[in-house]
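Here is the structure we will look at, set down as structure tokens.
The values are calculated or read from the model by the stated rules, or taken from the named source; none is laboratory data. Values in this document were obtained by computation on a predicted structure and should not be read as measured data. Neighbour counts run over all protein chains shown; Cβ positions are idealised from the backbone, glycine included. To get the accessible areas, we keep the full protein, side chains included, count just its heavy atoms, and leave off ligands, DNA and RNA. Shrake-Rupley method; radii C 1.70, N 1.55, O 1.52, S 1.80 Å.
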Amino acid sequence: MAQGAGTAVSGVAFEDVSFSYSAGGAGRSALCDITLTLSSGELLAVVGANGSGKSTLARLCNGLLVASSGVVRVDGLDPADPDLTWDVRSRVAMVFQDPDNQIVGTVVEDDVAFGPENLGVPADEIRRRVDAALAAVGLAGFERREPHLLSDGQKQRLAMASALAMEPAYLVLDEPCAMLDPEGRADVLALADALAHERGHGVLLVTHDIADVAVADRVAVLDRGVLSFLGDPEDLLSDDAALTAAGLEMPSIGVLAALLRESGFDVPRRALTPEALVGALWH
Amino acid sequence: MALIVEDAGFAYNAGRGFEHRALEGVDMTVERGGLTVVLGPTGSGKSTLLRLACGLVDATEGRVTIDGQEMSSAARRRLRGRVGMVFQNPESQFFAASVLEDVAFGPVNLGAAHPHDEARAALTAVGLDPDEFGFRTPFELSGGEARRAAVAGVLAMRPDYLLLDEPTAGLDARGRAAVREAVAAARSSAGVVVVTHEASEFMASADRVLVLSGGSLAFSGTPAEMLSASASLPAGVRLPDVARAVLLAGERWGANPRATLDPREAARILTAMAGGPR
């Protein structure tokens, strides 16, 4: 990514970041010496077993938690600086596991407007942002619907629209698919993919699902608070021991793909959906 | 010896302005030692079916019987004790200072002669060593350990039927494997019903699959029968990926293969269809 000379470094950057939930750093660190950067236009998957520090990492991105040591920088800004907190949070939006916990409006468009209203955005600009955000998540036409009548997948896309209406550069999605059925999951994953690769947001996706890892540009593995792998998903997907350490399990479709590779078929390691696998055999 | 739900319906707020029909004409039979998997999109009535089956709510139509006795009868208090229910996120219900005390709570309240022995046996059944885990606080267990301890708390009451609502949601690979093992262990003494979004997680070991859609049964049969009924499944319910890959390849090559859950068999079918490696 091109960067003008003298401009602040863009991205959400972690430098030697550690975090402990007990004051004074006593007890076990939830995160230990993490260095990584989320860039614009990148889908970065973060995986790890339960309790490995994934959600802690997500909450450090916009100052919900503040590093015990090391620094986090959002486009060069320090989320721990009280004067910069709101600037940082307008750049980094978060979506959590259960959309019911973050929907506040009585109708869809009110929920999406809530963020920009609180930022003091002018009314006609709010209208534009609401329409754009709902279109981006495929909920145009749902403006006057009541959120509790939406499916869970639609609710999660609404939560993402409400985040997008703040026009953040970065989106942090903490297991957004955990409570969804397979259709809802596929919709939300496709949206995360489009937000990074078509709209240029930097997207950090915390997940247990190997299908999410397959569409990511890079994957970070946390193992008891330590960054044990950072790189190309292909490399992780070809290493069974690393997968197990990451709390991931090669799904049956991956076992099938491996058997086909053994028989001489050229099936990419990222082909972990029926569509991708059959597409690889067919072409 | 079975838990039988017969032509059951249920409406929330029945007869009032906000009446919402959640279930209609649903049949389910769970034999002791059996495993029934209930699939369906969110809002299709899966959790309501479990609530009916354990006697938390009464069917507005039809009936629920436990080994021939009606759940809504005078015997309901006793019958309820024979059906164990593990809710979503059961670890949020821990309250005792140690895992052993938490698991023993049920047997203590049922007046068991040796409640701690029951608790130790239940912990062992779910793969948690009582000597290692029994004296730890339940609040510091990992996700998989916590879910298994919660299952043990229900097993310790020796239910004849065990109902689990989304038992693997939010767990990592190790936790999911642990829950699958706990379910297998429970089947030695109980009939088990698992409600899940993950068809692939339990389908291979199930003897019965129900698919709910909009409160009605869209499918009821064996896993093998479900594989050949894929066209009639409602939106929001998918066959496991291996079976879908075989069927999708069948469409591409104009063949009509038999879907399977087994990757090895699927590899043979796909290799034959694709005409061998190029």
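If you go through the range A:230-244 and keep only what is surrounded by 18 or more Cβ atoms within 10 Å (Cβ to Cβ) and either in contact with a strand residue (DSSP E or B) (Cβ under 6 Å, 6 or more places away or on another chain) or facing chain B (nearest Cβ under 10 Å) (or both), you end up with A:P233, A:L236, A:L243. Within the range B:52-69, at least one residue is open to solvent by 10 Å² or more (accessible area, probe 1.4 Å), small (G, A, S) and touching a strand residue (DSSP E or B) at 6+ places or on another chain (Cβ under 8 Å).
I'm trying to understand the selection: among the residues of the range A:129-150, which are within 21 Å of the chain's Cα centre (by Cα) and part of a loop (DSSP other than H, G, I, E, B)? Residues satisfying the conditions are A:V137, A:G138, A:L139. In this structure, A:V104 does satisfy being open to solvent by 60 Å² or more (accessible area, probe 1.4 Å) and in contact with a helix residue (DSSP H, G or I) (Cβ under 6 Å, 6 or more places away or on another chain). Number of residues in the range B:115-142 that are buried (at least 23 other Cβ atoms within 10 Å of the Cβ) and either touching a Leu at 6+ places or on another chain (Cβ under 8 Å) or of a type in the set (F, W, Y) (or both) equals 4.
Residues checked against (1) assigned by TED's automatic domain parsing to the domain that holds A:F96; (2) at pLDDT below 90; (3) part of a loop (DSSP other than H, G, I, E, B):
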{"site": "A:M1", "(1), (2), (3)": "no, yes, yes"}
{"site": "A:C32", "(1), (2), (3)": "yes, no, no"}
{"site": "A:N50", "(1), (2), (3)": "yes, yes, yes"}
{"site": "A:P79", "(1), (2), (3)": "yes, no, yes"}
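When residues in the range B:264-278 are screened for being within 26 Å of B:L210 (Cβ to Cβ), surrounded by fewer than 21 Cβ atoms within 10 Å (Cβ to Cβ) and at the interface with another protein chain (Cβ under 8 Å from one of its Cβ atoms), 0 of them pass.
The sole residue among A:E109, A:E15 that is modelled with pLDDT of 90 or more, over 25 Å from A:G225 (Cβ atoms) and not in a loop (DSSP other than H, G, I, E, B) is A:E109. For the structure I just gave you, tell me whether A:T207 is crowded, with 16+ Cβ neighbours inside 10 Å and of a type in the set (S, T, N, Q). So A:T207 passes the test. The set of residues in the range B:224-260 that are facing chain A (nearest Cβ under 9 Å), open to solvent by 50 Å² or more (accessible area, probe 1.4 Å) and either in a loop (DSSP other than H, G, I, E, B) or aromatic (F, W, Y) (or both) comprises B:A235, B:R238, B:W253.
Among the residues of the range A:245-266, the one identified as open to solvent by less than 10 Å² (accessible area, probe 1.4 Å), more than 7 Å from chain B (Cβ to nearest Cβ) and without any contact (Cβ under 8 Å) to a residue 24 or more places away in the chain is A:A257. Would you confirm whether or not the range A:88-105 contains a residue that is within 20 Å of the chain's Cα centre (by Cα), of a type in the set (D, E) and modelled with pLDDT under 90? Checking the range A:88-105: at least one residue is within 20 Å of the chain's Cα centre (by Cα), of a type in the set (D, E) and modelled with pLDDT under 90.
What residue, among those in the range B:76-85 that are without any contact (Cβ under 8 Å) to a residue 60 or more places away in the chain and open to solvent by 20 Å² or more (accessible area, probe 1.4 Å), is nearest to the other protein chains (Cβ to nearest Cβ)? Applying the filter and picking the extreme gives B:R80.
Of the residues making up the range A:169-187, those that are crowded, with 21+ Cβ neighbours inside 10 Å and more than 14 Å from chain B (Cβ to nearest Cβ) are A:Y170, A:L171, A:V172, A:L173. From the list A:G225, A:G200, the lone residue that is open to solvent by 10 Å² or more (accessible area, probe 1.4 Å) and more than 12 Å from chain B (Cβ to nearest Cβ) is A:G200.
Among the residues of the range A:267-283, those identified as open to solvent by 40 Å² or more (accessible area, probe 1.4 Å), without any contact (Cβ under 8 Å) to a residue 60 or more places away in the chain and at the interface with another protein chain (Cβ under 8 Å from one of its Cβ atoms) are A:E275, A:W282. The set of residues in the range A:52-66 that are in a loop (DSSP other than H, G, I, E, B) and among the hydrophobic types (A, V, I, L, M, F, W, C) comprises A:C61, A:L64, A:L65, A:V66. Residue count for the range B:199-223, restricted to those that are closer than 21 Å to B:R258 by Cα, open to solvent by 40 Å² or more (accessible area, probe 1.4 Å) and within 12 Å of chain A (Cβ to nearest Cβ): 2. Within the range A:33-41, can one find any residue that is more than 14 Å from chain B (Cβ to nearest Cβ), under 26 Å from B:G144 (Cα atoms) and surrounded by fewer than 20 Cβ atoms within 10 Å (Cβ to Cβ)? Checked against the condition, which is being more than 14 Å from chain B (Cβ to nearest Cβ), under 26 Å from B:G144 (Cα atoms) and surrounded by fewer than 20 Cβ atoms within 10 Å (Cβ to Cβ), the range A:33-41 yields no hits at all. Return a yes/no flag: does the range B:165-177 have any residue that is within 12 Å of chain A (Cβ to nearest Cβ), surrounded by 21 or more Cβ atoms within 10 Å (Cβ to Cβ) and either aromatic (F, W, Y) or part of a strand (DSSP E or B) (or both). No - not one qualifying residue is present in the range B:165-177. Among the residues making up the range A:163-195, those that are farther than 16 Å from A:V74 by Cβ and either outside any helix (DSSP H, G or I) or at pLDDT 95 or above (or both) are A:A165, A:L173, A:D174, A:E175, A:P176, A:C177, A:A178, A:M179, A:L180, A:D181.
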